[in-house]
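A.B. asks: If you scroll down you'll find the structure; I have some questions about it.
The values are calculated or read from the model by the stated rules, or taken from the named source; none is laboratory data. Please read all numbers here as calculations on a predicted model, not as lab measurements. Please note: Cβ atoms are built from the backbone with ideal geometry, for glycine as well, and neighbour counts cover all protein chains shown. Heavy atoms of the whole protein, side chains included, go into the accessibility calculation; ligands, DNA and RNA do not. Shrake-Rupley method; radii C 1.70, N 1.55, O 1.52, S 1.80 Å.
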Amino acid sequence: MASNGVDQNGSASSHTPSQRYLSTRGEDEGFSFEEVVLKGLANDGGLYIPESIPTPQSWESWKDLSFPELAYEILSLYISPSEIPPADLKDIIDRSYSTFRSPQTTPLVHLHDDLYLLELFHGPTFAFKDVALQFLGNLFEYFLVRKNQGKTGRERHHLTVVGATSGDTGSAAIYGLRGKKDVSVFILHPKGRVSPIQEAQMTTVLDNNVHNLAVTGTFDDCQMQDIVKALFADKDANENLNLGAVNSINWARILAQIVYYFHSYFSLAKKSSTFKVGDKVRFVVPTGNFGDVLAGYFALRMGLPIEKLVISTNENDILDRFWKTGKYEKKKARGADAVGGLAVDGAMAHPDGVKETLSPAMDILVSSNFERLLWFLAYEFAKTANMDDQWNKRQAGQEVSKWLKELKATGAFGPVYQDVLKTAKRDFDSERVTDPETIETIQNTFKDIGYVLDPHTSVGVTAAHRSLDSEDGKAHPHIALSTAHPAKFSGAVDMALRGEEGFNFEKNVLPKEFVGLEQREKRVTDSENDWAKVRELVKLQVEQELKESN
Ligand SMILES: *Cc1c(COP(=O)(O)O)cnc(C)c1O
């Protein structure tokens, strides 16, 4: 293993800055971008972060760049040219965003007053996860093609991506990886438990390398995640399949998402007569696993004038509670003590304490990417001891390990030191939004300006209104992130707007791409809720796929 970020090739590339990555738990360092993308999770169980966050002096000169041009400027600060030559990186980026329906890729729309909405849903599956997964799919392919140069048949390096979903990640991963050479993708979903449109989006993709598994006898995402975890921990699976992950801990996903913070900032300067490049803005981000808002944190640290990032959670509010108390604590299922660890109040509470809400892509117990922010908070705290940078980094890794161990053992850690919480509050605010409030904001926004919000976006817009009404917030324009097209979550939209004058789902909401989707040919295999059976199914289908492609 390479160490200390020293370039193993010595002088060969010493004139080009080479970005290296380390693990948040401090036991793993010196990794290249390619290693980080293909591995996903570090050996010590931590997440990869860059050894340093670049602070480009010339960022203001990017103001007129197109989305792909801007993506190139930003991504090349994190990916050494010795790893991906500039022309190749440009090509990967161009192909990734050519699939978006909007010429601006992620357009900014003015809602009213000082509130703007960043529409992130113009990619193939109508959700913001496309921004990252279109790019990640092309990256996987690029690295594999390079590894496989001159190799044929069984010598070729083959990646098997396995993921589980009841929501947006599955379809975005499928569209990111469909038709890619040397990659198979398996997406598990709980049979009959995903919305018809989400199910159709996944199962109507007929490419040979796309495999949908409908798992019977399961009711939620967590059980699906457990199957995937068991597979990744299994010796047989690892020996026979080269497993890859596309979940939100993959660094490349965070990286791709930094771009739209810069892009929307520049769009705002063009749209608003009072806002100039250099002025401060607030971003409001509907948050689940903390990937999206973490990308905003990187933008802030790179020098984009962000006054605050406002985290907006639904009733699964572990993050909101952290910002209010400094304690990070899993919620127990209501009634958990009553009946042998099982929740008793029906559909609303799951055995592990996740609450089912109208914004399901944010229904989480803990936020996987929060660990990355914790590292930066601990690092900043360590710096006050005036030791060298090596020491600070080691200290940060140890602190994060300690917190995460405590979380695993007791379901909570903290309260963290006051200074750590203070640093968190300097850059972030947080809000918690209930289901009734989510519905109300969808209604009011439609009545006032005729715009239809999806429920996740509505969680953000509700928080944005609160922030705009606050003493600190009202001085700044707000950009709320719109993470999904309303047609993807038609149940909540219908609940909010049915009977509303002038509202017609087919006319106001449904995109032409969704018309007739559910009637198209589907490909899906049923599987039992048993990870070893899933493993055998995956092995079998990969084997068949390899036979057919050779
Ligand atoms: C995934 C998702 C989110 C949450 O994003 P995180 O990066 O997990 O915080 C919000 N809205 C929608 C529609 C999503 O699909």
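A.B. asks: For the chain, what is Rg from Cα atoms divided by 2.2 N^0.38 Å, rounded to two decimals?
C.D. replies: On the way: Rg = 22.7 Å, N = 550, 2.2 N^0.38 = 24.2 Å.
For the chain, the normalised Cα radius of gyration comes out at 0.94.
A.B. asks: Could you give the semi-axes, largest first, of the ellipsoid that matches segment 111-227, computed as the square roots of 5 times the alpha carbon gyration tensor eigenvalues and rounded to whole Å? Please list the in-between numbers first.
C.D. replies: Values: eigenvalues 155, 92, 24 Å².
For segment 111-227, the ellipsoid semi-axes come out as 28, 21, 11 Å.
A.B. asks: Next up: To the nearest 500 deg cm²/dmol, what mean residue ellipticity at 222 nm is calculated for the chain from DSSP H runs of n ≥ 4 alone, each contributing -39,500 (n - 2.57), summed and divided by the residues?
C.D. replies: Details: 18 runs with 226 residues, N = 550.
It comes out at -13000 deg cm²/dmol, rounded to the nearest 500.
A.B. asks: Which of the peptides 398-407, 230-239, 143-152 is most tightly packed, and how do the rest follow, judged by the mean count of other Cβ atoms within 10 Å per residue? Can you show the working numbers first?
C.D. replies: Details: 398-407: 17.8, 230-239: 14.0, 143-152: 12.5.
Top of the packing list down: 398-407, 230-239, 143-152.
A.B. asks: Given a 1.4 Å probe and every protein chain left where it sits, what share in percent of the accessible area of the chain is carbon and sulfur? Could you put the intermediate results ahead of the total?
C.D. replies: Numbers: 11070 of 22730 Å².
That share works out to 49 percent.
A.B. asks: Take the alpha carbon atoms of segment 61-125, find their radius of gyration, then divide it by 2.2 N^0.38 Å using N residues; give the quotient. Walk me through the numbers before you get to the answer.
C.D. replies: Numbers: Rg = 14.1 Å, N = 65, 2.2 N^0.38 = 10.7 Å.
That works out to 1.31 for segment 61-125.
A.B. asks: Further question: Show me, for segment 199-209, the HN-Hα J-couplings you get by feeding each phi into the Karplus relation (A = 6.51, B = -1.76, C = 1.60, θ = phi - 60°), rounded to Hz, glycine and proline as x.
C.D. replies: 5, 5, 4, 7, 7, 8, 8, 9, 4, 4, 8
A.B. asks: Here's a follow-up. By how many nm would the segment from Lys271 to Glu406 grow when fully extended, if each residue of separation counts as 0.36 nm and the alpha-carbon distance is taken off? If you can, show how the numbers build up before the last one.
C.D. replies: On the way: separation 135, 0.36 × 135 = 48.60 nm, distance 4.73 nm.
That pair, Lys271 and Glu406, stretches by 43.9 nm at full extension.
A.B. asks: As a quick test, which of the pairs Lys308/Lys330; Lys180/Lys522; Lys151/Lys547; Lys39/Lys180; Lys327/Lys425 have an alpha carbon distance above 21 angstrom in this structure?
C.D. replies: Violating the 21 Å Cα-Cα cut-off are Lys308/Lys330.
A.B. asks: Over all alpha-carbon pairs of segment 357-463, lay out the pair-distance distribution in 5 Å bins, whole %, shortest bin first.
C.D. replies: 2, 10, 16, 16, 14, 12, 10, 8, 6, 4, 2, 0
A.B. asks: Rolling a 1.4 angstrom probe over the protein heavy atoms, how many square angstrom per residue are accessible across the chain?
C.D. replies: Working: 22730 Å² over 550 residues.
Accessible area per residue: 41 Å².
A.B. asks: How large is the dipole of the chain about the Cα centre if only Lys and Arg carry +1 and Asp and Glu carry -1, each at its Cβ, rounded to the nearest 20 debye?
C.D. replies: Working: 61 positive and 76 negative charges, 99 e Å.
Using only the charged Cβ atoms, the result is roughly 480 debye.
A.B. asks: Now a separate question. I'd like the Karplus ³J(HN,Hα) series for segment 480-497: coefficients 6.51, -1.76, 1.60, θ = phi - 60°, whole numbers in Hz, and an x wherever there's a Gly or Pro.
C.D. replies: Result, rounded to whole Hz: 9, 8, 9, 9, 8, 6, x, 5, 6, 10, 5, x, 5, 5, 5, 4, 6, 10.
A.B. asks: Another question about this same structure. Roughly how many nanometres apart are two label points built 7 Å out from the Cα toward the Cβ at Glu513 and Ser470?
C.D. replies: It is 3.4 nm.
A.B. asks: Okay, next question. Once you sort the root eigenvalues of the Cα gyration tensor of segment 252-506 as a ≥ b ≥ c, which label holds: rounded (a/c under 1.5), prolate (a/b larger than b/c) or oblate (the other case)? Provide the component values of the computation, followed by the final result.
C.D. replies: On the way: a/c = 2.32, a/b = 1.15, b/c = 2.02.
Because a/c hits 1.5 or more and a/b fails to exceed b/c, segment 252-506 counts as oblate.
A.B. asks: For segment 387-463 and segment 143-216, what is the centre-to-centre distance using only Cα atoms, to the nearest Å?
C.D. replies: Centre-to-centre (Cα) distance: 30 Å.
A.B. asks: Write down the percent of antiparallel bridges among all DSSP beta bridges whose residues are both part of segment 252-506, to the nearest 5.
C.D. replies: Numbers: 4 of 19 bridges.
About 20 percent, rounded to the nearest 5.
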